[in-house]
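A.B. asks: Below is one structure. I have some questions about it.
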Amino acid sequence: MIDKFVRSMAEAMAGIPDGATVMMPGFGEVGAPNALLEGLIEQGATDLTLVINSAGRMRVPGKPPNAVARLIDQGRVRKVITSFVRANSVAGDWVRDGRLQAEVIPQGTLAERIRAAGAGIPAFFTPTGAGTLIAEGKEVREYQGRPCILEEALPGDVALIEAWMADRWGNLTYRETGQNFNPIMAMAAKLTIVQTHNAVDLGMLPANAIHTPGIYVNRVLHLPVGDPVLPR
Amino acid sequence: MNETRQGFGPLTRTGMAARAAQDVPEGWYVNLGIGIPTLIADYIPPEREVVVHSENGILGMGPAPPPHQQNPWLVNASTQRVSLRPGGAFVHHADSFAMVRGGHIDLCVLGGFQVAENGDLANWAHSPTETGRQIGGAMDLAVGAKRVWVVMEHTTKDGAARLLRRCSYPLTAAGCVSRVYTNLAVLEVTPKGFVVLDMVPGLDFADLQARTGAELHRA
């Protein structure tokens, strides 16, 4: 019997090695696997490369930094691949000090590089970013009369995923804007670990509604953590 | 204050948004960037069906709901709580950006630091070396949307021109902007440069030219 449910956070985090590339979805805390991220902080892996849309919120006096910022502040992140680094943030400080590498790229290119990795496409040309700083060092070809730059697929070693519902095969559904990077990161990583609000019996998810089929999923932890909490 | 004494009133942020909203026709699929562009949605009359795209995976975004109808799972690209219009859809990030990069969005309205007379846009960094790099979806939108409008103040707080012969800040995309809505004027980007379509009442062409870093042309 296939059963991808694990019973503990330790089991969920087992085997994530130092030096891993970890993919973390989420947009404004919606669809962000914050419980698994706390688990990763506890687990101890270091020298990580994070693939994440935003490398952390602006500093807000009186508010604790979020989990991503704490992981960076513990010196456990070597590099972020992201579309946003704010100057006034923990990541911004670490980048300024030269202690954190940041590859800041267009958000659609980030998404498409991840999707391409999951779909077995090693590289693609896109007009996004042509003629800008992010094109430096990249091969340029003209397609349909426009300069396009070569972008490579972005695979992960590990993806941390937040689902709304899951079954024991690892079929997943998401809520509203909670999809964001979850479905594509689940496809792009060798080890895909899910936290789900709801665990349901096999056959209970309507087949037409499954966003991420279980083929992309390795481990599922049932954690009914409640609604996302927005920073403001 | 000075400007009022000179006999013309620059538009406010909402005034700029309302002015741009006048020009968005029914049936367009539009993406509205962070800042002033986001406000445009408030000035499109509800009976004019315009489908708003939000890069985090919404097509058919509606306004902020009343507090008792807020859904913490439904946020826009500025992470503000929003609603979904009847007919709206949720998609994941690669599909959301396929709509953008695949040329399916009729109009994208972005904020800007600088726009050049050749349509170049700079809106993500003030220098090549600064730590804060906030590209987000701007490069994808600037290249992928069928047309790009920019809404921004005509000059910086210090009075420096933002409409220039060439951008001095790092580019978001080359040659992408077709129209600019400022607090003083509406300008079309054409092969001969900026053409003035509209100015706030009381402002004359020479006043506008004095605040602009590129040659202006009359419509």
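A.B. asks: Filter segment A:188-216 down to the residues that are touching a residue at least 60 places away in the same chain (Cβ under 8 Å), surrounded by fewer than 24 Cβ atoms within 10 Å (Cβ to Cβ) and under 21 Å from residue A:52 (Cα atoms), then identify the one that is nearest to the other protein chains (Cβ to nearest Cβ).
C.D. replies: Among residues in segment A:188-216 that are touching a residue at least 60 places away in the same chain (Cβ under 8 Å), surrounded by fewer than 24 Cβ atoms within 10 Å (Cβ to Cβ) and under 21 Å from residue A:52 (Cα atoms), the one nearest to the other protein chains (Cβ to nearest Cβ) is A:216.
A.B. asks: Here's a follow-up. Go through (1) crowded, with 24+ Cβ neighbours inside 10 Å; (2) part of a loop (DSSP other than H, G, I, E, B); (3) more than 14 Å from every other protein chain (Cβ to nearest Cβ) one by one and return the number of the condition residue B:171 breaks.
C.D. replies: (3)
A.B. asks: How about segment B:1-105: which strands (runs of 3 or more DSSP E) wholly inside it have at least 1 residues that are in contact with a His (Cβ under 6 Å, 6 or more places away or on another chain)? Reasoning before the result, please.
C.D. replies: Numbers: elements: B:29-32, B:51-54, B:58-62, B:83-90.
Passing ranges, in order: B:29-32, B:58-62.
A.B. asks: Right, next: For segment A:50-65, indicate whether the set of residues that are farther than 30 Å from residue A:198 by Cα, within 18 Å of the chain's Cα centre (by Cα) and basic (Lys, Arg) is non-empty.
C.D. replies: no
A.B. asks: Among the residues of segment A:217-232, count how many are surrounded by 11 or more Cβ atoms within 10 Å (Cβ to Cβ), within 13 Å of chain B (Cβ to nearest Cβ) and either closer than 19 Å to residue A:10 by Cα or free of Cβ contacts under 8 Å to residues at least 40 places away in the same chain (or both).
C.D. replies: Counting residues in segment A:217-232 that are surrounded by 11 or more Cβ atoms within 10 Å (Cβ to Cβ), within 13 Å of chain B (Cβ to nearest Cβ) and either closer than 19 Å to residue A:10 by Cα or free of Cβ contacts under 8 Å to residues at least 40 places away in the same chain (or both) gives 2.
A.B. asks: Facing chain A (nearest Cβ under 7 Å), among the charged types (D, E, K, R) and not in a loop (DSSP other than H, G, I, E, B): is that true of residue B:140 in this structure?
C.D. replies: yes
A.B. asks: Next up: Report yes if some residue within segment A:101-115 is more than 24 Å from residue B:172 (Cβ to Cβ) and either at the interface with another protein chain (Cβ under 7 Å from one of its Cβ atoms) or out of contact with any Pro (no Cβ under 8 Å at 6 or more places or on another chain) (or both); otherwise report no.
C.D. replies: Checking segment A:101-115: not a single residue is more than 24 Å from residue B:172 (Cβ to Cβ) and either at the interface with another protein chain (Cβ under 7 Å from one of its Cβ atoms) or out of contact with any Pro (no Cβ under 8 Å at 6 or more places or on another chain) (or both).
A.B. asks: Name the single residue that is surrounded by the most Cβ atoms within 10 Å (Cβ to Cβ) among those in segment A:141-187 being in contact with a Ser or Thr (Cβ under 6 Å, 6 or more places away or on another chain) and assigned to a helix (DSSP H, G or I).
C.D. replies: Among those that are in contact with a Ser or Thr (Cβ under 6 Å, 6 or more places away or on another chain) and assigned to a helix (DSSP H, G or I), it is A:186.
A.B. asks: Are any residues in segment B:113-128 surrounded by 19 or more Cβ atoms within 10 Å (Cβ to Cβ), within 18 Å of residue B:33 (Cβ to Cβ), out of contact with any Cys (no Cβ under 9 Å at 6 or more places or on another chain) and not polar (S, T, N, Q), and if so, which ones?
C.D. replies: If the condition is that a residue be surrounded by 19 or more Cβ atoms within 10 Å (Cβ to Cβ), within 18 Å of residue B:33 (Cβ to Cβ), out of contact with any Cys (no Cβ under 9 Å at 6 or more places or on another chain) and not polar (S, T, N, Q), then B:124, B:125 are the ones that fit.
We did not get these values from a lab; they are worked out from the coordinates using the rules stated. Only a predicted model underlies this, so the values are computations on that prediction, with no experimental measurement involved. Because the Cβ atoms are built from the backbone with ideal geometry, glycine has one as well, and the counts that use them run over all protein chains shown.
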